[in-house]
Structure formats: C-alpha cells, structure tokens
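The values are calculated or read from the model by the stated rules, or taken from the named source; none is laboratory data. Predicted model only: the values in this text are computed from it and were never measured. FYI the Cβ positions are ideal-geometry reconstructions off the backbone, even for glycines, and counts take in every protein chain you see.
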Amino acid sequence: CSCSSSSSSLSARRTRVQQPHMNLFFLLTCLCFIIIGARSELAPVAPLLPLQLSTTATTNLLRSDSCGFVLDCGAALKSLSWVRAEGRCQLSCLWSRRAPRGGARLQRQVVRGGGATSSMSQGGSSNVIDGRRISQLVQEEVKLHVEQLKSEHGVEPGLAVLIIGDRTDSQVYVKHKVLACEKCGIRSVKVELGKETTQEEAERVVRELNGDSSIHGILVQLPIPEHLDEKKLLAEISFEKDVDGFHPTNIGLLAMRDRKALAQPCTPSGVMEILRREKVETKGAKAVVVGRSNIVGIPMALLLLKANATVEVVHSQTPRAELESAVKSADILVVAAGKAGLVDGSWIKEGSVVIDVGMNSIPDASKKNGYRLVGDVQYDEAAKRAKLITPVPGGVGPMTVAMLMHNT
C-alpha cells in the first residue's frame, strides 16, 4: 500500500514537472499554425512588417483555467501582432488540454483595420468602427517609419506648432498633438505668442520656421485672435511644410487628376484611412458629403472623387427634401455639417457606410460636466440600418491627430 502510494506520488510529480513542457509545446504549435495561416490567407493584401513579440507581455498570452489554455493575441495586442499597410491582424487561438467532443480546437480570428467588425475590439455592436484603435495602428506605423528614418538616414522629423493667445481649448488640443509626437518619436516644438501679437510678428515667426531645416511640418493652431488675418498667416506657411494640407497649392494639387498633394487635410484623410482599413469599396459607389467647409467638406469630396466614387455634395443651404433624398441614395455617407442630429437615422440606406465627422455638445443632466457629445447623425436609428458606422466620440476624432503624425 505504501509502495502504491509512493508510486502514485512520483507519477504526480512527474506530471507536474512535464506540464510546463507540454504548455510550451502547445504554445509553439499554436504560434506555428497562426503564422502559417496568417501568411497564407493575408499575404496578398500587403507586405508584412517584422513580427513584434514583447517578452514582458508574453505571459499575458497564456493562462490556465478549468478548460485548458487560451492563447489570446487580441488581449495583448502589442505583444503579438502583424502590422500591415491594410491594417493589423488580431489572432486568437484556443487549445484545450481536455478537449470537448470533436477534439481539440484551433480558432483563428482575423479583424480588419480597427477591429470594428469584431466583439474583440469593442463590447458594442459589430458594425461600429473603432476609430481609436485605427488611430493607434496608424501611429504605430508612423513610429516604425520614424525609427527607419533615424537609423538609415539620420533624420529626426520635427513638427512646430504655433499657438497664439490663451484659449484653454487650444492649449488642450496642442497638448494632445505634442503627446502624439512623443509617442511616434517626432520632435515637437511649441511656439507660443501672446494674444496681442501683431500680424507682422506672427508672419515673421512662420517665415523663421519655414527656414529651419530641422522643422519638417508647421501647424498654426486655430482659431487665432480676431484681429489677425487667418488666411494671410496660413498662406505664409511653405506648402512643403503644410502638415494641415490647407495651403492653396496643396488643395489645388488635390483637385487635379493624376496629381498628388504633399499633404492632405487631416480629417478627410482620416476618413479615407478608415474606409481603406475597413475595406469599403469606393469605386463606383455613390458617396454623399454633407457639408462644404474648407477643412472637411470640400477636400472630402475631392478625395472621394480621386477614389473613383460618384460624389454628391449637399450643405446647409440645400432644401431639406433634397438633403433627405441625397442621404437616402448614399452608399457612403460622410456628414460634416456641425449640427447635432441633422441627419435623421431613418434616412440611412440599408447596408450603407456612415461616417459622422460632427462633434457637438448637448445638455445632459446625467453627466458630471452637464453635457454629452453627439454627432450630426441621429445615431441609434442609423446604427440599425448601416453596415458600418462611426460613433461620436471615438470614431473620426482620433484619426485627425493620427493623420497629422502621418503628414509630418
């Protein structure tokens, strides 16, 4: 009996000793399946950048529970990922020690772009586009490119931000841009001028930045004090350093066929990046742009034209009946009118793609700050009809800063 007990104890110890080796075997097997499968299915999409595996985070990938072991790359996005020009692949794998009927299962899940089509990326509806995640992917790709510029060419990209006056909101926006620069490895220079700055002084600062070879992009934070001429000041920025893409030369190049602007306006460019990563077909699609501002509406229409969409622009002076008719015909709808709830959710075409650029604050007593942010589209009803839709906040907004980093 004693011998039997001793034998049983020895067997148990051997099992415990062997178990880590089995765990490692399962982990390596899963990784092989993932790598082979990902390459075979997605290789035609875009070139693969180097595989990134963080040693410190690897422990997050493997956990033991009553069902077995779960390799979850989605839970540790930065630990194991393939960064592609078309987006990132998130791969999840489950291997069970005590397999259910049917044997052990190997699962792989591919999530496009920002992962908006998967519950892994958000806890909400599967048709909600996760702009924050796409923004992170863009910035990570920019960081890789910046590191390459530094290592191969000895070039450190530099962005200068000119802020005039003491507006609190402008300071907050600039802070976000500076933080994004730090994340991407871009050197940022913040130039602050008082609210009494003259036109001549402001233009002189811009010309000095134009002549600084260490500065590759110049941004004037808007709005500026009313006594200053915004158009004249922005025109002083060299079009080669115009990271906002607002210079008349860049807008002119954007409007011409077979020409390419050195920089495209950040928000419209962010919308196009969302469409590309979500694999939305623009060729031949009916695209409707609501809004005609120089910042979003007009360049948005031009970019969609370049992507071979059939484009219609409506705006604040368009009769409501015509606005409704245009929206109902849209395969791709981009709304940038700056008016909360302008587009009725019932107008949305079934299966269309809705990009809401609007950012409006409305009173909400349930919120600590007394308001909440909403878009230009009546979201709840629209989300029921759209194939894909951007939320507000968390949709287009994060893409603006990401594309600013890209332009730099």
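Across the stretch 258-296, what is the total count of residues that are free of Cβ contacts under 8 Å to residues at least 12 places away in the same chain and in contact with a helix residue (DSSP H, G or I) (Cβ under 8 Å, 6 or more places away or on another chain)? Final tally of qualifying residues: 2. Go through the stretch 160-214 and count every residue that is part of a helix (DSSP H, G or I) and free of Cβ contacts under 8 Å to residues at least 40 places away in the same chain. Total meeting the criteria: 16.
Within the stretch 181-199, not a single residue is modelled with pLDDT of 95 or more and under 21 Å from I295 (Cα atoms). The test for being buried (at least 24 other Cβ atoms within 10 Å of the Cβ), among the hydroxyl-bearing types (S, T, Y) and more than 22 Å from L254 (Cβ to Cβ) does not hold for T318.
Checked against the criteria, I224 does not count as part of a loop (DSSP other than H, G, I, E, B), under 27 Å from E140 (Cα atoms), of a type outside the set (S, T, N, Q) and within 29 Å of the chain's Cα centre (by Cα). So, in the stretch 194-224, of the ones that are over 24 Å from V401 (Cα atoms) and of a type in the set (S, T, Y), which residue ends up surrounded by the fewest Cβ atoms within 10 Å (Cβ to Cβ)? Here the answer is T198. Looking only at residues of the stretch 225-250 that are of a type in the set (V, I, T) and modelled with pLDDT of 95 or more, we find that the one that is farthest from N407 (Cα to Cα) is I237. Please count how many residues of the stretch 374-408 are part of a helix (DSSP H, G or I) and more than 19 Å from K175 (Cα to Cα). Of the residues in the stretch 374-408, 7 are part of a helix (DSSP H, G or I) and more than 19 Å from K175 (Cα to Cα). Screening E350, E312, E381 for residues that are out of contact with any Ser or Thr (no Cβ under 9 Å at 6 or more places or on another chain), over 30 Å from C184 (Cβ atoms), surrounded by fewer than 22 Cβ atoms within 10 Å (Cβ to Cβ) and acidic (D, E) leaves exactly one candidate, E350.
Taken together, the residues in the stretch 191-218 that are among the small types (G, A, S) and touching a Ser or Thr at 6+ places or on another chain (Cβ under 8 Å) amount to 1.
Mind telling me which of the residues K306, K368, K328 ends up being under 22 Å from the mean Cα position of the chain (by Cα) and over 21 Å from G395 (Cα atoms)?
Residue meeting the stated conditions: K306.
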